[in-house]
Amino acid sequence: MNVAAYMTELGQQARAAAREVARSTTEVRNHALSATADALNSARAELAQANQKDLENGRANGLDAAMLDRLELTPARIDTMIEGLKQVATLPDPVGEITDMTYRPSGIQVGKMRVPLGVIGIIYESRPNVTVEAASLCLKSGNATILRGGSEAIHSNQAVAACIAQGLAAAGLPETAVQVVETTDRDAVGALITMPQYVDVIVPRGGKGLIERISRDAKVPVIKHLDGVCHVYIDSHADPEKALKVAVNAKTHRYGTCNTMETLLVDEEIAEDMLPLLAAEFKAKGVELRGCEQTQNILPGIVAASEEDWHEEYLAPILAVRVVAGLNGAIDHINHYSSQHTESIVTENYTRARRFLTEVDSSSVMVNASTRFADGFEYGLGAEIGISTDKIHARGPVGLLGLTSQKYVVFGDGHIRA
């Protein structure tokens, strides 16, 4: 296969399809989502068969247990895919919404209309259910998409793609509105991220190495976050019971997610009282603590934290702990070491909470809540395509609004500029 020519063809088809999807009605797009859900339900045997091929190849190629688990399409995960499509179909459609209409002194009316981005390229690893999640959000927001899944899921992704094609056809939309790259050649990724004439934005979902490579080489804007070095700061004005609940949940609810706390900061005024309580909770959960010198003095026997620990996204039952000099020390630490994903303060002091919200430079900043809430569903977005720590366009969980933009619209009645 000539990969460059193949990807160019996909790009041309996606650009043409994007125009048709953008002018389609909400009803038509919802029909495509519902029909895709029906197609997935009818194709359970085919999906299981294709997935079994990927699992067998994965075992033969030495994929570890965690990767194999992410790859597997169980009946329950197929149920979740179907339910996800139905939920996205019920979400409000942002496309075409006109806001901020004002009359200008000249007599014209000026406002903003929400419009699709166009063609979205999505690059992801392992989980075949991402194919459905990404396709549904792009389609609902009026976009076409090119999906490049990991080579380990090629058969599963193609089986899912066949169901999506059925759904699009049933609604009268071009099947090229959602295209799943058929080649496992890595050059396909290089082509996809360097086609600004066909692709409007890239969304990478995967490990830090993948996202760094795409950010470095892309000629197309990228919506991304590299890692999730998330912090919880327990202020001297915190309610101890709330602090324990929030900190333990932020770390132990799930270890392998980007919104899991990786560093705990404790105000030096309460460290001697709070740290033993926290240590007991984390010990019961099997979490290894790595502490600064002050933390070690209060909790003898824990591992010493190195400079690298303050930068680390463990994705494991390991937690870095630092005693800081009050709110100023916490803000300084976070703004230096954070990946700008999610940070939380536990405090009963309104003024300190407001300072934290104002001065911490991350995409989600919380008061008295676990960092695990940094999620599109929890934020009321219905679903998300990923998290963005960028400062332009979309920031934080990226849902339907993040897959659209705005353009100015002007209404006149024969007005001319004097």
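The values are calculated or read from the model by the stated rules, or taken from the named source; none is laboratory data. The shown structure was predicted, so the numbers you read here are calculated from the model rather than taken from an experiment. Cβ placement follows ideal geometry from the backbone for every residue including glycine, while neighbour counts extend to all protein chains displayed. Quick note on the areas: whole protein, heavy atoms, side chains included, nothing else; ligands and nucleic acids left out. Shrake-Rupley method; radii C 1.70, N 1.55, O 1.52, S 1.80 Å.
Sort largest first and round to whole Å: the equivalent ellipsoid semi-axes of the range 16-62, each the square root of five times a Cα gyration tensor eigenvalue.
Numbers: eigenvalues 226, 46, 7 Å².
Values for the range 16-62, descending: 34, 15, 6 Å.
For the range 218-275, build the charge dipole from Cβ charges (+1 Lys, Arg; -1 Asp, Glu) around the Cα centre, then report which of ASN259, VAL222, PRO240 sits farthest towards its positive end.
VAL222
Any chance you could give the angle, 0 to 90 degrees and rounded to 10, that helix 271-284 forms with the longest Cα principal axis of the chain?
Result, in degrees: 60.
Can you tell me the length gained on complete extension of the stretch ALA48 to LYS112, counting 0.36 nm per residue apart and subtracting the Cα distance? Show your work: numbers first, answer last.
On the way: separation 64, 0.36 × 64 = 23.04 nm, distance 4.57 nm.
Contour length minus Cα-Cα distance gives 18.5 nm.
Would you mind calculating the gained length between THR184 and SER236 on full extension (0.36 nm times residue separation, minus the Cα-Cα distance), in nm to one decimal?
Working: separation 52, 0.36 × 52 = 18.72 nm, distance 5.35 nm.
13.4 nm is the gain from fully extending THR184 to SER236.
Can you send over the carbon and sulfur percentage of the accessible area for the chain, probe radius 1.4 Å, protein chains only? Don't skip to the answer; put the middle values down first.
Details: 9270 of 18970 Å².
Summing carbon and sulfur atoms, their accessible area is 49 percent of the total for the chain.
I'm a student and want to see the number: the projected area of the Cα convex hull of the range 1-119, averaged over all directions, in nm².
Working: hull surface 49.1 nm².
Dividing the Cα hull surface by four gives the mean projection, 12.3 nm².
Taking the Cα centre of the range 348-406 as origin, sum charge times position over the Cβ atoms of Lys and Arg (+1) and Asp and Glu (-1), and report the length of that vector in debye to the nearest 20. Don't skip to the answer; put the middle values down first.
Values: 6 positive and 7 negative charges, 38 e Å.
Rounded to the nearest 20 debye, it is 180 debye.
What dipole magnitude, in Debye to the nearest 20, does the range 17-78 give about its Cα centre under +1 on Lys/Arg Cβ and -1 on Asp/Glu Cβ?
Working: 8 positive and 9 negative charges, 42 e Å.
It comes to approximately 200 debye.
Take every Cα pair under 8 Å in the chain that's 6+ residues apart, average their separations, divide by the length, and report that relative contact order as a whole percent.
Relative contact order of the chain: 18 percent.
Among the chymotrypsin sites (Phe, Trp or Tyr not before Pro) within the range 367-418, which fall in a DSSP loop and have no more than 16 other Cβ atoms within 10 Å of their own Cβ?
Working: sites: PHE373, PHE377, TYR379, TYR408, PHE411; in loops: PHE377, TYR379.
Passing both the DSSP loop test and the Cβ count: PHE377, TYR379.
Can you flag which of LYS224/LYS251; LYS53/LYS224; LYS86/LYS391; LYS245/LYS285 are past 20 Å Cα-Cα?
Details: LYS224/LYS251 23 Å; LYS53/LYS224 31 Å; LYS86/LYS391 31 Å; LYS245/LYS285 13 Å.
As for pairs spanning more than 20 Å Cα to Cα, those are LYS224/LYS251; LYS53/LYS224; LYS86/LYS391.
Where the centroid of each part is defined by its Cα atoms, how far is the range 242-289 from the range 153-207 in Å?
Spelled out, the Cα-based centre of one part sits 41 Å from the other.
Placing +1 at every Lys and Arg Cβ and -1 at every Asp and Glu Cβ, with all other atoms neutral, what dipole size does the chain have around its Cα centre, in debye to the nearest 20?
Numbers: 39 positive and 53 negative charges, 287 e Å.
Computed about the Cα centre, the dipole is about 1380 debye.
Sequence neighbours fewer than 8 away in the same chain don't count; with that in mind, list the lysines whose C-alpha is under 18 Å from LYS112.
Partners found: LYS407.
Just subtract the alpha-carbon distance of VAL409 and GLU268 from 0.36 nm times their residue separation and send over the number in nm, one decimal. All intermediate terms of the calculation are to be shown ahead of the outcome.
Details: separation 141, 0.36 × 141 = 50.76 nm, distance 5.42 nm.
The span from VAL409 to GLU268 would gain 45.3 nm if fully extended.
How far is helix 26-42 tilted off the main Cα axis of the chain, in degrees rounded to 10, range 0 to 90?
So the helix axis and the longest Cα principal axis differ by about 80 degrees.
Between GLU83 and LYS391, how many nm apart are label points set 7 Å from Cα along the C-beta direction?
Here the modelled spin labels are 4.0 nm apart.
Provide the convex hull volume over Cα atoms per residue for the range 320-418, in Å³. Intermediate values should be presented prior to the final figure.
On the way: hull volume 18.4 nm³, N = 99.
About 186 Å³ per residue, rounded to a whole number.
What whole-number value in Å² describes the accessible area per residue of the chain for a 1.4 Å probe? Present the calculation step by step, with values, prior to reporting the outcome.
Working: 18970 Å² over 418 residues.
Heavy-atom SASA per residue in the chain reads 45 Å².
In square nanometres, what is one fourth of the surface area of the convex hull spanned by the alpha carbons of the chain?
Values: hull surface 97.4 nm².
Projected area, direction-averaged: 24.4 nm².
Once Lys and Arg get +1 and Asp and Glu get -1 on their Cβ, which of GLN406, ASN129, ALA279 lies farthest toward the positive end of the dipole of the chain?
The listed residue farthest towards the positive side: GLN406.
Which Rg and Dmax, in Å, describe the Cα atoms of the range 97-179?
17.8, 60
Among PHE356, ALA32, GLN109, whose Cα projects farthest towards the positive end of the dipole of the chain, with charges put on the beta-carbon of Lys, Arg (+1) and Asp, Glu (-1)?
It is GLN109.
Treating the angle as unsigned and between 0 and 90°, give the value, to the nearest 10°, between the Cα long axis of helix 3-22 and the longest Cα principal axis of the chain.
In the chain, helix 3-22 runs at an angle near 80 degrees to the longest axis.
Counting only DSSP beta bridges with both residues in the range 26-149, tell me the antiparallel percent, nearest 5. Before the final figure, lay out the partial values.
On the way: 4 of 9 bridges.
If I count the DSSP bridges inside the range 26-149, around 45 percent turn out antiparallel.
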